[in-house]
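The values are calculated or read from the model by the stated rules, or taken from the named source; none is laboratory data. No experiment lies behind these values; they were computed from the predicted model shown. Methodologically, a virtual Cβ is constructed for each residue, glycine included, from the backbone with ideal geometry; neighbour enumeration extends over all protein chains shown. Protein only, heavy atoms only, side chains kept; ligands, DNA and RNA dropped before computing areas. Shrake-Rupley method; radii C 1.70, N 1.55, O 1.52, S 1.80 Å.
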Amino acid sequence: MNIPRSSFPRIVIIGGGFAGISLAKKLKNKNVQVVLLDKHNYHTFQPLLYQVATGGLEAGSIAYPIRKVVQEYTDFYFRLANVKNIDTENKKVLADIGDLHYDYLVIATGSKTNYFGNKDIENYSMAMKTIPQSLNIRSLILENFEQATLTNDIAERNALMNFVIVGGGPTGVELAGALAEMKKAILPKDYPDLDIRKMGIHLVQGSDRLLDAMTVKSSESAEKFLHSLGVSIWKNVRVTNYDGRTITTNSDLTFDTATVIWAAGVKGALISGLQSDSLIERADRIKVNEYNQVLGYDNIFAVGDIASMASEKNPYGHPMMAQPAIQQGNLLAENLINVIKNKPMKPFEYNDKGSMATIGRNKAVVDLPKVHFHGVFAWFVWMFVHLFSLIGFKNKAVVLMNWVYNYIKFDREGRLIIRPYKKKNIQSFTTDEI
């Protein structure tokens, strides 16, 4: 990998997500050599992926170059690499660009979509965990309407205009709200020759309420907001299969749709080398102690979504969200320096700052530790928190300008098919001659 030798201990970080970037920032100029590996050269602000998928923002406004983050750090190196394996015996990481020795290894690979072993759903549905996936969804949504204008087959047109989102967590709720606003204000003007009223937006949730990690009041408010936007909500319904055209469920309910967006769960993005039964918890998360050390190793750590730090309060580990990842990354930097200096480490204690979700224009729900609120004020709080959390002044300015423009004009100018998307393994829809 062409990393120079150093007199300082080498810390290798795999992953440039919230945990990896937070850790890297805290290790700036700390008398250690840091090597950050990621398969992308940018950090993605994942909470706003749904706005890229629905044309509200361009991809560049929620991505930030990793090299720009670390360009003023001494003895710090970034490599664009896909790590294939970890050789714990020889203390090496094996990647597609070569091997690299480590003194301390931090696994911050995050999470990926969990299809719970259903290969048909994995093949035929759309995921939304990365920028390329969000751009694929954006293209597919618009391509569906372009195809709908070409067909005289009513069943086919309805399937093209029918959208099913599986998973009633923040991602599913926010995406459903964004699609509903497109239906209300944008698509009727773009496609005057289609009856957009027949566009269906279905949100399918396996449990008895949406946003089940938030308070009951927030769940009820979110459901009320979505109903007001025309979203059909199906609770206590589990999707059992999708063949590219028809969704089947655990009940008699079926959906005929060309587009299924799967937001029903995530699991850890594991790397080979640590995949023993004793180390892997449910949802493919690596078991760690209170210092984020991988069980059985003194020099290997895991942080963020990939780490399962079980406790009495959190028997299945901390939630797979940005805040635990950021907090773990920040503390681990301090602990690594302590280890190198032969000082004791500090145990991690998660500071739950609350959770929130936006449903659309002037509609959001916010749960803070001591207060809960919904509606317009919650929507402004949601915007402020997300704007403040973006990396880079330019990204903050661009996102703010887009939000202001979208609010005033009730428009989304990012509805572009930059790269056409063709769903794999699905028979192409036929179109009539013009």
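Assorted remarks:
- Matching residues in region 189-198 - criterion: being surrounded by fewer than 17 Cβ atoms within 10 Å (Cβ to Cβ) and in contact with a Lys or Arg (Cβ under 7 Å, 6 or more places away or on another chain): none
- Among residues of region 253-281 being among the hydroxyl-bearing types (Ser, Thr, Tyr) and in a loop (DSSP other than H, G, I, E, B), the one that is nearest to Gly169 (Cα to Cα) is Thr257.
- Some residue of region 264-287 being of a type in the set (Lys, Arg), open to solvent by less than 40 Å² (accessible area, probe 1.4 Å) and under 30 Å from Val239 (Cα atoms): yes
- Filtered by the rule that a residue be among the aliphatic types (A, V, I, L, M), modelled with pLDDT of 95 or more and not in a loop (DSSP other than H, G, I, E, B), region 172-198 gives Val173, Leu175, Ala176, Ala178, Leu179, Ala180, Met182, Leu187, Ile196.
- Inside region 21-42, residues that are within 19 Å of Gln323 (Cα to Cα) and either buried (at least 24 other Cβ atoms within 10 Å of the Cβ) or without any contact (Cβ under 8 Å) to a residue 12 or more places away in the chain (or both) make up a count of 4.
- Residue list for region 199-219, restricted to those being part of a loop (DSSP other than H, G, I, E, B) and open to solvent by 10 Å² or more (accessible area, probe 1.4 Å): Gln205, Gly206, Ser207, Asp208, Arg209, Asp212, Ala213, Met214, Thr215
- When region 18-64 is filtered for residues that are in contact with a Ser or Thr (Cβ under 6 Å, 6 or more places away or on another chain) and farther than 30 Å from Ile417 by Cα, the ones remaining, listed by number, are Asn29, Gln33.
- Members of region 224-252 found to be open to solvent by 20 Å² or more (accessible area, probe 1.4 Å), under 12 Å from His202 (Cα atoms) and part of a loop (DSSP other than H, G, I, E, B), listed by number: Leu229, Gly230, Lys235
- Under the condition of being surrounded by fewer than 15 Cβ atoms within 10 Å (Cβ to Cβ) and touching a strand residue (DSSP E or B) at 6+ places or on another chain (Cβ under 8 Å), the residues counted in region 121-156 number 1.
- When residues in region 87-108 are screened for being more than 21 Å from Val32 (Cα to Cα) and open to solvent by less than 50 Å² (accessible area, probe 1.4 Å), 3 of them pass.
- Residues of region 167-188 classified as open to solvent by 10 Å² or more (accessible area, probe 1.4 Å) and either among the aromatic types (Phe, Trp, Tyr) or touching a residue at least 60 places away in the same chain (Cβ under 8 Å) (or both), total: 6
- Of the helices (runs of 4 or more DSSP H) that lie entirely inside region 319-422, those containing 3 or more residues that are buried (at least 16 other Cβ atoms within 10 Å of the Cβ) and in contact with a helix residue (DSSP H, G or I) (Cβ under 8 Å, 6 or more places away or on another chain) span 322-340, 393-409.
Results for (1) touching a Ser or Thr at 6+ places or on another chain (Cβ under 7 Å); (2) without any contact (Cβ under 8 Å) to a residue 24 or more places away in the chain; (3) farther than 30 Å from Phe225 by Cβ; (4) of a type in the set (Asp, Glu), shown as yes or no for each residue.
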| residue | (1), (2), (3), (4) |
| --- | --- |
| Lys267 | yes, no, no, no |
| Ile280 | no, yes, yes, no |
| Ala283 | no, no, no, no |
| Lys287 | yes, yes, yes, no |
| Gly329 | yes, no, yes, no |
| Gly360 | no, no, no, no |
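- A residue that is over 30 Å from Ser221 (Cα atoms), among the aliphatic types (A, V, I, L, M), assigned to a loop (DSSP other than H, G, I, E, B) and modelled with pLDDT of 95 or more can be found somewhere in region 282-304.
- Restricting region 295-318 to residues that are among the small types (Gly, Ala, Ser) and open to solvent by 20 Å² or more (accessible area, probe 1.4 Å), the residue that is farthest from the chain's Cα centre (by Cα): Gly296
- Scanning region 64-75 for residues that are open to solvent by 20 Å² or more (accessible area, probe 1.4 Å) and either touching a strand residue (DSSP E or B) at 6+ places or on another chain (Cβ under 6 Å) or at positive phi (or both) gives Tyr64, Pro65, Arg67, Asp75.
- Among residues of region 9-41, those that are assigned to a helix (DSSP H, G or I) and farther than 19 Å from Phe388 by Cβ, counted: 3
- Which numbered condition His227 misses (of (1) under 27 Å from Lys119 (Cβ atoms); (2) without any contact (Cβ under 8 Å) to a residue 24 or more places away in the chain): (1)
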